[in-house]
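Read the figures in this text as sums done on the coordinates, not as results from a lab. Bear in mind that the values here come from a model prediction, so they are computed numbers and not experimental data. Here the Cβ positions follow ideal geometry from the backbone for every residue, glycine too, while neighbour counts run over all protein chains shown.
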Amino acid sequence: MSNGLYPSILYLQDGTLYKGWSFFKIPPNFGEIVFNTAMTGYQEVFSDPSYAGQMVVFTYPEIGNTGLNKQDNESNFIHIKALVSRNISSISSNWRSRIALKDYIIHKQIPHIFGLDTRSLTKRIRLFGVMNAILFDADSSNNFRKKNLNLIILNQIDLIRKITVKTIYSVNKVVVKSSSSFYHILNQSPKINNVSKKYIIVVIDLGVKFNILRKLLSLNCNICIVPATCSYHDIIQHRPDGILFSNGPGNPLLATYTIDTAKKLIKFSNIPLFGICMGHQILNVALGGQTFKLKFGHRGLNHPSGINKYSEITSQNHGFAVKKSSLIFQELFSTSSVKFLNLNDSTISATFHEKIPIFSVQYHPEASPGPHDSYYLFEVFIQLLDLFKNKK
């Protein structure tokens with residue numbers, strides 16, 4: 001692999017310029033600049049569909065020490081627009097490592113920049129909020145101006161439609177035994193409770209992470225993954241016992257097709273619904289709530305979520321949140337309760353409906369930050385399925 005370094009420039013929408021280095025000449029790349037406070041998990045971040053359209057600043061001073069492996073990808077693609085780090089390790093040391101991060105970046109031609117002051121950059125994002133940015137090679141003749149960064153507003157791009165699966169497919173334990181994407185981690189998942197019944201779960205793919213599917217597989221579920229644009233009738237034809245709205249990127253209000261489907265499922269299906277991250281926002285909007293864009297979002301592995309002196313350590317990755325004031329005046333929410341708040345800023349972290357089988361969380365129970373504080377939510381989902389199965 002190349003040992004050369006090339007000067008690169010990160011140019012922000014507010015006119016701030018950061019100089020750094022890259023392992024190859026960077027073609028111009030545009031994205032929304034955000035930061036992630038996790039000390040590890042960079043491989044999951046690269047492959048997480050929720051980061052589509054975003055340049056990710058890693059606040060931890062060095063990434064790449066453990067390399068990359070075949071087990072920890074959250075999808076089959078790299079979704080980040082660029083990675084920004086203080087330092088990128090050129091070697092790796094871990095028993096699972098198959099390739100060093102530097103070599104992986106060069107091989108996959110991932111846009112990147114390192115050697116800049118990420119502390120200053122993170123403080124700037126916290127002070128002024130997320131903004132557009134362009135990353136480019138310092139030696140290029142391109143002349144970027146602030147007006148160019150105002151031409152594209154990421155909040156107006158339907159990212160879910162861009163990344164959702166195009167065709168319906170099914171996954172179960174038999175299918176994945178030879179799959180490098182799921183099975184190798186299936187038996188490593190913490191045992192929640194042995195589940196004897198097999199349930200059919202339809203996962204509405206808003207940008208689903210592999211680990212959500214792994215957790216459902218570990219609970220003996222048969223999974224059917226459908227596009228975000230899938231209609232109510234197409235979903236019902238699969239005769240699901242439960243429906244999960246997955247995580248995903250961007251502005252939830254642009255996914256009007258999924259919101260309409262959620263409204264119909266809530267009104268007509270009488271099937272338990274579970275929402276994670278973007279799925280949480282979609283379900284709450286379908287119930288009459290509203291969302292708003294956070295100043296700099298929640299992205300990291302150490303977000304405390306809870307209420308009444310109880311807290312779970314949660315993994316979060318989102319730029320929008322459900323507006324608390326919008327819940328107060330909605331008739332449907334007179335029977336709904338806000339179970340958890342993000343204890344850093346008191347935004348809504350979880351809602352549970354008291355009359356119909358719906359609950360959702362803004363964080364990622366399939367992740368392992370606590371390490372397993374929120375795994376029980378998948379068990380709650382299965383118990384809800386048991387309850388409705390017994391009623392029939």
Rounded to the nearest 0.05, what FRET efficiency do residue 355 and residue 233 have when you use their Cβ-Cβ distance and R0 = 22 Å? 0.35
Take residue 389 and residue 14, extend 7 Å from each Cα along the Cα→Cβ direction, and tell me the distance between the two endpoints in nm. 5.3 nm
Taking neighbour Cβ counts within 10 Å as the exposure measure, how do 352, 30, 77 sort from fewest upward? 77, 352, 30
Kyte-Doolittle mean at least -1.0 and Cα axial length at least 30 Å: DSSP H helices in the chain: none
Length gained when the stretch residue 62-residue 76 is fully extended (0.36 nm per residue, less Cα-Cα span): 2.6 nm
Can you sort 229, 291, 16 from fewest to most other Cβ atoms within 10 Å of each residue's own Cβ? 16, 229, 291
Please say if region 160-391 is rounded, prolate or oblate, where rounded means a/c under 1.5 for a ≥ b ≥ c the square roots of the C-alpha gyration tensor eigenvalues, and otherwise the choice is prolate for a/b larger than b/c and oblate otherwise? rounded
Projected onto the charge dipole of the chain (+1 at Lys/Arg Cβ, -1 at Asp/Glu Cβ, origin at the Cα centre), which of 73, 39, 56 gives the Cα projection farthest towards the positive end? 73
Over region 160-391, what is the mean sequence separation of C-alpha contacts under 8 Å (at least six apart), divided by residue count, expressed as relative contact order in percent? 17 percent
For residue 303, distant residues with modelled amide H under 5 Å away: 314, 316
Quick check: net charge around residue 294, other residues with Cβ under 14 Å of its Cβ, Lys/Arg +1 and Asp/Glu -1? +4
Could you let me know the centre-to-centre spacing of region 234-311 and region 1-28, using Cα atoms, in angstrom? 37 Å
With the contact rule set at Cα under 8 Å and sequence spacing of 6 or more, what percent relative contact order holds for region 6-152? 34 percent
Checked against the positive end of the charge dipole of the chain (+1 on Cβ of Lys and Arg, -1 on Cβ of Asp and Glu, about the Cα centre), the farthest of 27, 92, 208 is 208
Using square roots of five times the C-alpha gyration tensor eigenvalues, list the equivalent-ellipsoid semi-axes of the chain in whole Å, biggest first. 36, 24, 19
Using alpha carbon centroids, what distance separates region 45-112 and region 334-364, in Å? 32 Å
Based on other C-beta atoms within 10 Å, arrange 39, 131, 55, 278 from fewest to most. 39, 131, 55, 278
So, over other residues within a Cβ distance under 11 Å of residue 124, counting Lys, Arg +1 and Asp, Glu -1, the net charge is +1
Computed FRET value (nearest 0.05) for residue 6 with residue 256, which takes r as the C-beta separation and R₀ as 41 Å: 0.45
Under 1.5 on a/c is rounded, so check that first for region 346-387, then, if it is not, pick prolate when a/b is larger than b/c and oblate when it is not; a ≥ b ≥ c are the square roots of the alpha carbon gyration tensor eigenvalues. oblate
Dividing the mean separation of Cα pairs under 8 Å (6+ apart) by the residue count of the chain yields a relative contact order in percent of 14 percent
